[in-house]
Structures are given as structure tokens and as C-alpha cells.
1. Hey, fewest Cβ within 10 Å first, where do 37, 24 land in order?
2. Quick one: length gained pulling residue 22 to residue 40 fully straight, 0.36 nm per residue minus the C-alpha distance?
């Protein structure tokens, strides 16, 4: 399933709106309060725009690691035959890294 940046942003907005409603927070509460860790005084709500690409990247990396370690004979047979998967994965990883870096730049 594909998740666009727009969809993840929209879902983040919906989550924050629901949290505002449930907690009776005013509309001028900063977005950082929702996503900051509880230890830092925030609500600890994960930001989907950041977390989903990182989770997908970890999942793909784990898949290729399993293939390289020969723990799964099916993966070891299929993945090398499909160079297209690795090329598209590398393109996707470079795209997600760019998104995360852009977000970090916007925050700083």
C-alpha cells in the first residue's frame, strides 16, 4: 500500500484534531506538544509523516538482511533474481531520507 506525503499529513492533522477535542485543548497549542516525548512534557503521539517511512525502511532492510544471511531460502532465491526490487528500494530509501532531512531542517 502506498502512503503519499499528503495522506500522512492529513492523517496527522486528523489525529491532532481528535486529541485536541478529547483533551479540550485550544487551537493554538503548538504541534510540537503532540509529538514531543512524554518525558519532555509532550503527549508522545507519533508523527506518521516521519514514522511510516522509517518503519518501511526498517522493514525493507530487515528483508534484505534476512536474504543476505541465508536464513530464508525462498528470499535467498528470489531477491537476487529481481534487481529491480533493490533498485526501486534504493530509490525509495533515498526519497524517504530526503523527506526526513527536510522535516528536520524545517524544525531547526
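All of the numbers you see were taken from the coordinates with simple rules; none came from a lab. Bear in mind the structure is a predicted one, so any value in this text is a computation, not a measurement. When we count neighbours, we look across all protein chains shown, and the Cβ atoms used for this are built from the backbone with ideal geometry, even at glycine.
1. Ranked by crowding around the Cβ, least crowded first: 24, 37.
2. Numbers: separation 18, 0.36 × 18 = 6.48 nm, distance 2.09 nm.
Separation in residues times 0.36 nm, less the Cα-Cα distance, equals 4.4 nm.
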